[in-house]
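Enquirer: Shown below is the structure under consideration.
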Amino acid sequence: MSIHPKILKAARLVLKISQDDVAEAAGITRRTLTRLETQSPDASFRSIGAVRKALEGYGVVFIEDGDKCGFKLSRSILDSVAGTDP
């Protein structure tokens with residue numbers, strides 16, 4: 001199942017990762033990522049899958065349960081992003 005582009009963007013923003021970094025990790029252009037995040041109808045399932053995989057590489061775990069979807073982060077990643085890493 002393909003994750004919604006808004007969830008991908010939210011995960012990127014929570015992790016404070018630039019579009020350039022995610023695009024590079026996903027093997028797509030920044031322009032393609034921008035179109036995907038703005039829900040352009042020409043965003044391909046392949047691009048969505050590549051971004052999902054790239055974000056999973058940063059530690060994001062995507063959750064899909066029926067009509068519910070979202071993501072979670074390990075406590076260590078969340079603490080690191082929040083600047084409270086011991």
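Readers should treat all values here as calculations from the given coordinates under stated rules, not as data from a laboratory. Since we're looking at a predicted model, the values are computed, not measured. Note that we place each Cβ from the backbone using ideal geometry, even for glycine, and neighbour counts take in every protein chain shown.
Enquirer: Per-residue ellipticity at 222 nm for the chain, helices alone: DSSP H runs ≥ 4 residues times -39500 (n - 2.57), over residue total, nearest 500 deg cm²/dmol? Could the numbers behind the result be given before it?
Expert: Numbers: 5 runs with 48 residues, N = 86.
Helices in the chain give a 222 nm mean residue ellipticity of -16000 deg cm²/dmol.
Enquirer: Find, among the trypsin sites (Lys or Arg not before Pro) in the range 15-66, those assigned to loop by DSSP (not H, G, I, E, B) with at most 16 other beta-carbon atoms within 10 angstrom.
Expert: Details: sites: K16, R30, R31, R35, R46, R52, K53; in loops: K16.
Answer in residue order: K16.
Enquirer: Fewest to most neighbouring Cβ within 10 Å: what's the order for D42, D67?
Expert: Details: D42 8, D67 5.
The fewest-first ordering by Cβ neighbours comes to D67, D42.
Enquirer: Taking θ = phi - 60°, what integer Hz values does the Karplus form 6.51 cos²θ - 1.76 cosθ + 1.60 yield along the range 64-71, in sequence order, with x for Gly and Pro?
Expert: In residue order, the calculated couplings are 9, 9, x, 8, 10, 8, x, 8 Hz.
Enquirer: A further question follows. Output ³J(HN,Hα) for the range 26-31: one whole-Hz value per residue in order, computed from phi by the Karplus curve 6.51 cos²θ - 1.76 cosθ + 1.60 with θ = phi - 60°, and x for Gly and Pro.
Expert: 8, x, 10, 7, 4, 4
Enquirer: Take V14 and T38, extend 7 Å from each Cα along the Cα→Cβ direction, and tell me the distance between the two endpoints in nm.
Expert: Using points 7 Å along Cα→Cβ, the separation is 2.5 nm.
Enquirer: If you plug each phi of the range 41-48 into the Karplus form 6.51 cos²θ - 1.76 cosθ + 1.60 with θ = phi - 60°, what whole-Hz ³J(HN,Hα) values come out, in order, with x for Gly and Pro?
Expert: Ordered by residue, 3J(HN,Hα) equals x, 8, 6, 8, 4, 5, 5, 4 Hz.
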